[in-house]
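Participant: Starting off with a structure, shown below.
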Amino acid sequence: MSALGLVFSNIHDTNVPELTAKRTVASIPFGGRYRLIDFALSNMVNSEITKVGVITKSNYRSLMDHLGSGKDWDLARHHGGLFILPPFDNIGGSLYTTRLEALKNVLGFLSGAEEDLVVMSDSDMVCNIDFKPIIKRHGEQNADITLVYVEKDRASVTGDTNSFFEIEDGRIKSIAFDSKNDKVNLYTNICIIGRRLLINLINETLSRGNSHFIRDVLIPHIDSLRVYGHKHEGYYEEMTSLIKYYEESMKFLNKSVRDEVFRTASVYTKVKDSTPTRYGENAIVKNSLVADGCTIEGEVYDSIVFRGVKVGKGAVVKHCIVMQNCIIGEYADLNCIITDKNVVIRDGRTLSGCDVHPFFIGKGTNI
Amino acid sequence: MIKKKECVAMLLAGGQGSRLYALTNKIAKPAVTYGGKYRIIDFPLSNCANSGIDTVGVLTQYQPLVLNEYIGNGEPWDLDRSYGGVHVLSPYQAKHGSEWFKGTANAIYQNIDFIKNYNPEYVLILSGDHIYKMDYADMIERHKKTGAACTIAAIKVPMEEASRFGLLNVKADGEIYQFEEKPAKPKSDLASMGIYVFTAEKLYKYLEEDELDPSSSKDFGKNVLPAMLSSGEKMFAYEFKGYWKDVGTISSLYESNMDLLSERPQFDLSDNSWRIRSRNPIAPPHYIGESGRVTNSIVSSGCEINGSIEKSVISHDVEIAKGASVKDSIIFAGAKIGENAIVENAIIDEDVIVGKGARIGVSAEKEKKIAVLGRGIKVSDGAVVVAGEILDKNVGEEE
């Protein structure tokens, strides 16, 4: 069955307010060279989905800049490819506030398509999922809707808008917004649904004055439609807060996480033509991820260093996330710091957060 | 509407590069890796794009598969134009038989219709075996000003080395009055860089004449340029000042890579005003582990470094295992260096596997000879490859 993709770029913008002050959640930098949306888009492309709509709402300039024509994801195509779907102003209307209203905005895109299925995904998460077997199973089971979930400890689920499933024989028995169980089946907001069915459900639900996708679309149809669950076994994490972002980033210093997410299928991102990274005479780097285009003269431990960063002589960077084009001056000393893009730390400065509460420095700050 | 391009560039990329031995067994010289990320051809292609030349014919002949795939539609260099752009030109079959390119001039002659398609005023001839950043637009500007039939880019070389080059003897204003090919007693230290700007009509005329001359070896340097000079055509030298390195031999390729190291490298690739573009690998950032140590080196994306690296150039997706030591070496993409292996003064080609505890290029002698391991070969655990050895077959395998 053919499928088109829909990626929501703004749904969780309030999750990491520090990093989304000037960008969408989809364009949060991650893992030394990626943006969060790279994972959602790469999942689609690696699953042979070659028509993908990206639903945007606000602050999407940096997202547009990142996506360009879509060529870095092989999505610059005559047939299909990347579609940016910005908000469509209704008369006297305001911007959409819910997922369903966002979908209403793209009804034209959906009805003009030819694909049988729609694969919807958020872009606040990091995972490497192959949709091909899920789509195949969806067809074999004659499913109307397949929802992808992950099994988690309840305590580890920190987001404030979660949905949990009760599953029986692969079918979803119930959906709840909270759970008292220790182990929970957390909905990933990755949903595979017939395109025509989706259009009908959107129209039907909105015509009744309802606007919530899970509450007003999924839950009322849980018995009348064939709604299946697909359990994703691998790494899946949502960036629900700055601390969560920090903890999850640091997990990528672990080879098994890196191999699974970066290597089972390629993760595509915008190409920058950076030079390789140059290490100086006195550089010391341990347990760190370092992207291209950096110049490392100082010491870096247990950190993630994005493209184009300069670490000066004698500087010590520990447990930090240093984003693109930051300059860490000579003999500066940084511990548990997250610097957004283009931050300059002058020579000799000492800054420290702590491992359970990293200190964040906003985009372009000069300290 | 009659469209035309002011200048078409023709890039000679058919050379075998036999002096690079094992490195060019399976690929053409311009496709050889440089600087941890680039291929040699990235330099002329990026120079063209940066100089505003968007029509480039790449003449290939020897082992072109890797090169063709790498160039693709030219998108990495912004050379995917709907009119113009980069085109790979291979020898083809014509009504009156088919021929391989017999020399540099013949290669251009066989593709003269490609040039004429764009009706250019000037034709720029480039070669695919040099590392340099050069503004061809400035050279063309100079060519227009002097009204020359041909302008040849030239660089000053040390007088004691001058006899290894094709030299240009020039008047004070740069007009060439004599060519000397590798003279024993050089009169000039101005060496030809193999980069020519021709006024298109003159190029056509002399290529056609050269083609009819059975005694000619169909070479620009040996035949076409001297013929032009003796016919009294105006020819000028364009002096280039900057980094320029012929990387046609193992030792010059090695040296040029090493020129990228040090705090203020002789050759700077990070200059944003003259970006060298390349086809980027899809790889995550590189990882340096607890036991990794990297000094005075450049490392590309996707590497997993758990051993030590000193004064080396490491391409993407290279793995260096715990206890391994890489020194004064160049490692191409996808190579794996096993635990406790030692690699010194070596060029390790793509996808080579060096077994645990193997020793490559180790030598007590002062004079460093460079060991070369060709594409995809395997060196067994504990095997030894002596300094200066050049290998294109697996090492240390039991029969």
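Participant: Report yes if A:Gly298 is open to solvent by 10 Å² or more (accessible area, probe 1.4 Å) and more than 23 Å from the chain's Cα centre (by Cα), otherwise no.
Facilitator: Judged against the criteria, A:Gly298 is not a match.
Participant: Considering only residues that are within 18 Å of B:Ser46 (Cβ to Cβ) and part of a strand (DSSP E or B), look in the range B:59-106 and name the one that is least open to solvent (accessible area, probe 1.4 Å).
Facilitator: B:Gly85
Participant: Consider A:Ala291 carefully, then state whether it is open to solvent by 10 Å² or more (accessible area, probe 1.4 Å) and either in contact (Cβ under 8 Å) with a residue 40 or more places away in the chain or among the hydroxyl-bearing types (Ser, Thr, Tyr) (or both).
Facilitator: Criteria not met by A:Ala291.
Participant: Any chance you could count how many residues in the range B:311-344 are open to solvent by less than 10 Å² (accessible area, probe 1.4 Å), more than 14 Å from chain A (Cβ to nearest Cβ), more than 19 Å from B:Thr24 (Cα to Cα) and under 23 Å from the mean Cα position of the chain (by Cα)?
Facilitator: Result for the range B:311-344: 0.
Participant: Looking at the range B:285-310, which of its residues are facing chain A (nearest Cβ under 8 Å), open to solvent by less than 10 Å² (accessible area, probe 1.4 Å) and within 13 Å of A:Ser288 (Cβ to Cβ)?
Facilitator: Hits for the range B:285-310 are B:Pro285, B:His286, B:Ile288, B:Gly289, B:Gly292, B:Val294, B:Val299.
Participant: Between a first residue in the range B:261-279 that is farther than 19 Å from B:Arg39 by Cα and a second residue that is surrounded by 15 or more Cβ atoms within 10 Å (Cβ to Cβ) and not charged (D, E, K, R), which pairs have beta carbons less than 8 Å apart while being 6 or more apart in sequence or on different chains?
Facilitator: B:Ser262/B:Asn296; B:Glu263/A:Gly280
Participant: Next question, about the same structure. Give all pairs with beta carbons closer than 7 Å in which a residue from the range A:316-330 that is without any contact (Cβ under 8 Å) to a residue 60 or more places away in the chain and open to solvent by 30 Å² or more (accessible area, probe 1.4 Å) meets a residue that is of a type in the set (A, V, I, L, M) and in a loop (DSSP other than H, G, I, E, B); count only pairs at least 6 apart in sequence or on separate chains.
Facilitator: From residues that are without any contact (Cβ under 8 Å) to a residue 60 or more places away in the chain and open to solvent by 30 Å² or more (accessible area, probe 1.4 Å), the pairs are A:Asn325/A:Val309; A:Glu330/A:Ala315.
Participant: Restrict the check to the range B:199-211 and report whether at least one residue is open to solvent by less than 20 Å² (accessible area, probe 1.4 Å), at negative phi and among the β-branched types (Val, Ile, Thr).
Facilitator: no
Participant: Here is a check on your reading of the model: is B:Lys245 crowded, with 18+ Cβ neighbours inside 10 Å, modelled with pLDDT under 95, of a type in the set (D, E, K, R) and not in a loop (DSSP other than H, G, I, E, B)?
Facilitator: Taking the combined requirement at face value, the residue satisfies it.
Participant: For the range A:79-153, give me every one of the helices (runs of 4 or more DSSP H) that falls completely inside it and has 1 or more residues that are of a type in the set (Lys, Arg) and modelled with pLDDT of 95 or more.
Facilitator: A:131-140
Participant: Now for a different question. Condition check: of a type in the set (A, V, I, L, M), over 21 Å from A:Arg226 (Cβ atoms) and surrounded by fewer than 21 Cβ atoms within 10 Å (Cβ to Cβ). Does A:Ala176 satisfy that?
Facilitator: The answer is no for A:Ala176.
Participant: Among strands (runs of 3 or more DSSP E) lying entirely in the range B:283-324, which contain 1 or more residues that are in contact (Cβ under 8 Å) with a residue 60 or more places away in the chain?
Facilitator: On the way: elements: B:286-288, B:293-295, B:297-299, B:308-310.
Ranges flagged: B:297-299.
Participant: Name the pairs whose Cβ atoms lie under 6 Å apart, with the first residue in the range A:233-253 and under 11 Å from A:Leu36 (Cβ atoms), the second open to solvent by less than 20 Å² (accessible area, probe 1.4 Å) and among the aromatic types (Phe, Trp, Tyr), and 6 or more positions between them or separate chains?
Facilitator: A:Met239/A:Tyr245
Participant: Check the range B:256-263 and report whether any residue there is in a helix (DSSP H, G or I), open to solvent by 10 Å² or more (accessible area, probe 1.4 Å) and more than 14 Å from chain A (Cβ to nearest Cβ).
Facilitator: Looking through the range B:256-263, none of the residues is in a helix (DSSP H, G or I), open to solvent by 10 Å² or more (accessible area, probe 1.4 Å) and more than 14 Å from chain A (Cβ to nearest Cβ).
Participant: May I pose another question? Output the residue which, of all residues in the range B:264-284 that are polar (S, T, N, Q) and within 22 Å of B:Glu310 (Cα to Cα), is least open to solvent (accessible area, probe 1.4 Å).
Facilitator: Step one: of the range B:264-284, the residues polar (S, T, N, Q) are B:266, B:270, B:272-273, B:278, B:280.
Now narrow it down to the ones that are within 22 Å of B:Glu310 (Cα to Cα): B:266, B:270.
Working: B:Gln266: 131, B:Ser270: 70 Å².
Once the filter is applied, the top-ranked residue is B:Ser270.
Participant: Could you list, in sequence order, all residues of the range B:263-293 that are more than 21 Å from A:Asn325 (Cα to Cα) and over 16 Å from the mean Cα position of the chain (by Cα)?
Facilitator: B:Gln266, B:Gly289, B:Glu290, B:Ser291, B:Gly292, B:Arg293
Participant: Could you tell me whether any residue of the range A:38-50 is closer than 17 Å to A:Lys272 by Cα and at pLDDT 95 or above?
Facilitator: Within the range A:38-50 (the criterion being closer than 17 Å to A:Lys272 by Cα and at pLDDT 95 or above), the answer is yes, since at least one residue qualifies.
Participant: Tell me, yes or no, whether the range B:176-192 has at least one residue that is farther than 21 Å from B:Val157 by Cα and open to solvent by 60 Å² or more (accessible area, probe 1.4 Å).
Facilitator: No, because not a single residue in the range B:176-192 is farther than 21 Å from B:Val157 by Cα and open to solvent by 60 Å² or more (accessible area, probe 1.4 Å).
Participant: Do any strands (runs of 3 or more DSSP E) entirely within the range A:216-315 hold 3 or more residues that are closer than 28 Å to A:Asn43 by Cβ, away from every other protein chain (no Cβ under 12 Å) and in contact with a Lys or Arg (Cβ under 8 Å, 6 or more places away or on another chain), and if so, which?
Facilitator: Here the list reads A:227-231.
Participant: Name every residue in the range A:130-152 that is touching a residue at least 24 places away in the same chain (Cβ under 8 Å) and open to solvent by 10 Å² or more (accessible area, probe 1.4 Å), in order of residue number.
Facilitator: Correct list: A:Asp130, A:Lys132, A:Ile135, A:Arg137, A:Gly139, A:Gln141, A:Asn142, A:Ala143, A:Asp144, A:Tyr149, A:Glu151, A:Lys152.
Participant: The conditions are (1) among the acidic types (Asp, Glu); (2) over 23 Å from A:Asn200 (Cβ atoms); (3) open to solvent by 50 Å² or more (accessible area, probe 1.4 Å), and A:Asp72 fails exactly one of them. Which is it?
Facilitator: (3)
Participant: Taking only pairs six or more apart or across chains, which ones have beta-carbon atoms under 9 Å, a first residue in the range B:142-170 that is farther than 17 Å from B:Asp246 by Cα and surrounded by fewer than 19 Cβ atoms within 10 Å (Cβ to Cβ), and a second residue that is of a type in the set (Val, Ile, Thr) and at pLDDT 95 or above?
Facilitator: Sorted first by the residue in the range B:142-170, then by its partner, the pairs are B:Arg142/B:Thr151; B:Arg142/B:Val197; B:Gly147/B:Thr199; B:Asn169/B:Ile176.
Participant: Then there's this: Go through (1) within 20 Å of the chain's Cα centre (by Cα); (2) within 14 Å of chain A (Cβ to nearest Cβ) and name the single condition B:Ile347 misses.
Facilitator: Checking B:Ile347 against (1) within 20 Å of the chain's Cα centre (by Cα); (2) within 14 Å of chain A (Cβ to nearest Cβ), the one that fails is (2).
Participant: Shifting gears a bit: If I go through the range B:339-373 residue by residue, how many of them are out of contact with any strand residue (DSSP E or B) (no Cβ under 6 Å at 6 or more places or on another chain) and small (Gly, Ala, Ser)?
Facilitator: 3
Participant: Starting from the range B:27-44, keep only residues that are away from chain A (no Cβ under 14 Å), then list their pairs with residues that are charged (D, E, K, R) and surrounded by fewer than 24 Cβ atoms within 10 Å (Cβ to Cβ) whose Cβ atoms are within a distance under 6 Å, requiring at least 6 positions of separation or different chains.
Facilitator: If the second residue must be charged (D, E, K, R) and surrounded by fewer than 24 Cβ atoms within 10 Å (Cβ to Cβ), the pairs left are B:Ala31/B:Arg39.
The values are calculated or read from the model by the stated rules, or taken from the named source; none is laboratory data. On a predicted model such as this, the values are computed, not experimentally measured, just so you know. We place every Cβ from the backbone using ideal geometry, glycine too, and count neighbours over all the protein chains shown. Surface areas here come from the heavy atoms of the whole protein model, side chains and all, with no ligands, DNA or RNA. Shrake-Rupley method; radii C 1.70, N 1.55, O 1.52, S 1.80 Å.
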